[in-house]
Amino acid sequence: MLSVEQAQDAIIVALDMGADDAVRLCQKLSGRARWVKVGMTLYYACGPQIVDRMHQLGFNVFLDLKLHVIPFQVEGAAEAASLAGADILSIHALGSSAMVAGARRGVQKAAQKRDSRTKLVAISVLTSMDQDALHEIGIEVPVKDEVAKLASLAVSAGSDGIVCSPQEAAQMRQLLGPDALIVTPGVRPAGSAIGDQKRVATPAAAIAAGASKLVIGRPITKAEDPVAAFDAIVNELTGSAR
Ligand code: C5P
């Protein structure tokens, strides 16, 4: 079981909404939640200053930009995202070990100009893709083998960890070892709506499977009382759920 501080630190609230709503929600969650996820929609709408705004409100930021381009460009983008304040930044393992190494160089360069290094997490196979989708792009190995191959490649090339479904977390923890950062979306507290997610697990099950951090959006952001919803997840993780 986690302490209250550990549980609060394990939850990343996905801000899939406009800037004004995001700031209003963050003001409510301030003092409880410690992490927010800024995805492409919010980032492209608001620019890098949204990261700063979140820091001012007291949150660490997972900047989910899923970088995937030539290594030279990824190096520059990772440096810029890090200097914008990203605490965690996502990249695609599919860009090859050279691209992941480029991202690592980028965040390392930025680290010389800020007080800590941005952590990298790599996407392996998007959870929206199945065996048919892999076949369509010419990949014939089973999805789970492709996920494992890309996860190992990414961590060997300098990524601090990966993003995966909670149902892959145990296998990934075994493969990547105790130090890898394993971030899992698709988390649903018991009794909450699944929405468009398919392969879900409860917060406690995801942590028990080896996840380091849980990305949770709508169960908190769409709740009638987001603060109560956040606290209920913390209670579940600390074992004080009733
Ligand atoms: O609202 P919900 O809890 O489903 O939000 C999960 C967040 O995690 C969303 O921002 C979604 O885009 C993201 N995500 C996901 N599945 C992945 C990767 C990212 O749901 N495989």
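Laboratory data are not the source of any read-out in this text; all were calculated from the coordinates shown. A quick note: this is a predicted structure, and the numbers were derived from the prediction, not measured. Ideal geometry is used to build each Cβ from the backbone, glycine not excepted, and the neighbour counts take in all protein chains shown.
Descriptive notes on the structure:
- Gaussian network model of the chain, Cα within-10 Å springs - most flexible of HIS135, HIS92, HIS68: HIS135
- Using 0.36 nm per residue and subtracting the Cα-Cα separation, the extra length available between ASN235 and HIS135 on full extension is 31.8 nm.
- Computed lengthening from LYS109 to GLN197, 0.36 nm per intervening residue step minus Cα-Cα distance: 28.0 nm
- In order through region 165-180: 3J(HN,Hα) via Karplus (6.51 cos²θ - 1.76 cosθ + 1.60), integer Hz, x for Gly, Pro: 5, x, 6, 9, 4, 5, 5, 5, 4, 5, 5, 9, x, x, 8, 5
- Both radii were evaluated on the Cα set of region 1-122; the Rg over Rh quotient, with Rh as the Kirkwood radius, amounts to 0.99.
- Coupling constants for region 85-92 follow from the phi torsions by the Karplus curve (6.51 cos²θ - 1.76 cosθ + 1.60, θ = phi - 60°), and in residue order they are x, 4, 8, 10, 9, 9, 9, 9 Hz; glycine and proline get x.
- Built amide H within the under 5 Å cut-off of ILE123, gap 5+: ILE91, HIS92, ALA93, VAL163
- Other-chain or far-sequence residues with amide H under 5 Å of ALA14's (modelled H): LYS37, ILE216, GLY217
- For region 159-238, GluC sites (Glu not before Pro) are listed when DSSP marks them as loop and at most 15 other Cβ atoms sit within 10 Å of their Cβ; the list is GLU224.
- Share, in percent, of DSSP beta bridges within the chain that are antiparallel, nearest 5: 0 percent
- Dimensionless Rg over Rh [region 153-221; C-alpha; Kirkwood]: 1.00
- Debye log10 I(q)/I(0) at q = 0.16, 0.19, 0.20, 0.28 Å⁻¹ for region 57-122, Cα point scatterers: -0.42, -0.58, -0.64, -1.19
- Fluctuation leader among PRO185, PRO48, PRO166 - the chain, Gaussian network, Cα springs under 10 angstrom: PRO48
- Dividing the radius of gyration of the alpha carbons in region 1-68 by their Kirkwood radius gives 0.98 for Rg/Rh.
- Normalised by the number of residues in the chain, the average gap of Cα pairs under 8 Å and 6 or more apart makes the relative contact order 19 percent.
- Other residues whose C-beta falls under 14 angstrom from the C-beta of GLY210 contribute a net charge of 0, scoring Lys and Arg +1 and Asp and Glu -1.
- J(HN,Hα) series, region 68-73, from Karplus relation 6.51 cos²θ - 1.76 cosθ + 1.60, nearest Hz, glycine and proline x: 7, 7, 5, x, 4, 5
- Result for the chain in a Gaussian network model with C-alpha springs under 10 Å: among ARG105, ARG24, ARG173, the largest mean-square fluctuation is at ARG24.
- Pairwise Cα inverse-distance average, inverted: Kirkwood Rh of region 87-210 (Å): 15.3 Å
- As a ratio to 2.2 N^0.38 Å, the alpha-carbon radius of gyration computed for the chain takes the value 0.97.
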